[in-house]
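Reviewing the structure listed below.
Values quoted throughout were computed directly from the atomic coordinates according to the rules given, and no laboratory measurement underlies them. These numbers come from a predicted model, not from an experiment. Using ideal geometry, Cβ is built from the backbone for each residue, glycine included, and neighbour counts are taken over all protein chains shown.
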C-alpha cells in the first residue's frame with residue numbers, strides 16, 4: 001500500500017506527532033497545529049508573535065509588500081529588493097523544510113498549501129508556522145520503519161508530488177508571484193526555479209535529502 005491522504009482527527013494526531021518529532025530533532029524548526037484563534041486583519045501591520053493567515057497574505061500583493069518592507073527595516077535594509085529576497089527565502093525555508101523534516105522523522109507530509117497554514121514573525125523574519133486545517137500524506141504507520149519505506153521509488157515520487165503540489169504550487173509560487181507584482185525582483189532573487197527552493201535544490205534523481213533526527217546516519 002502506498003502513501004495515504006488523511007484528514008480529520010487522524011490527520012491532526014499524525015501531524016502533531018510529526019511536529020513533536022521534528023521539534024525534538026531540530027529545535028529551531030517550530031510549528032503548531034490547530035486553530036490559533038485571533039489573526040492579524042488583512043492590511044494591518046503584524047507584531048512579533050502575531051498569527052497571519054498565509055492565504056490572506058500571499059494573495060494580497062499590497063499587504064504583502066507592506067509586510068516585506070516593514071520586515072526589511074527591522075533587518076536593517078530599506079532596499080525593497082533585498083527585503084523581498086530575505087523574506088521570500090526565510091518564508092519558503094520555514095514552509096518547505098518543515099514539511100520535509102516531518103517526512104524524514106515520521107513519514108508524514110502535512111498539507112503545506114497557503115489555505116491550510118498560518119505563520120508568525122519574530123525580529124523581522126518568519127519564525128513559526130501553524131497547520132491550521134491539518135491534512136496529511138502518510139507514508140508509514142506511526143512508529144513504523146520510516147527509512148525502509150522512504151527507499152521505495154513510488155513512495156518517494158508520491159511524497160514529492162504532494163510537496164510540490166501543496167507547498168510549492170499552492171503556496172510558495174503564489175508568494176513569489178505576489179511579491180513580483182509589487183517589487184521588481186529578478187528570478188534569482190525570487191528563488192528562481194520554484195521546484196528547487198527547499199534546502200537549495202531537490203536532487204535530480206528524486207532522492208530525499210538526508211534524514212534528520214534519530215534515523216540519520
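When you count the other C-beta atoms within 10 angstrom of each residue and take the mean per peptide, 154-163, 43-52, 91-100, 16-25 line up highest first as 91-100, 16-25, 154-163, 43-52.
Here the range 38-98 is described by how far its Cα atoms reach on the three principal axes: 30, 27, 21 Å, from widest to narrowest. For the range 4-197, the alpha carbon positions stretch 49, 34, 25 Å along the principal axes, listed from largest to smallest. Here, the range 108-157 has an Rg and a Dmax of 14.6, 41 Å when only alpha carbons are counted.
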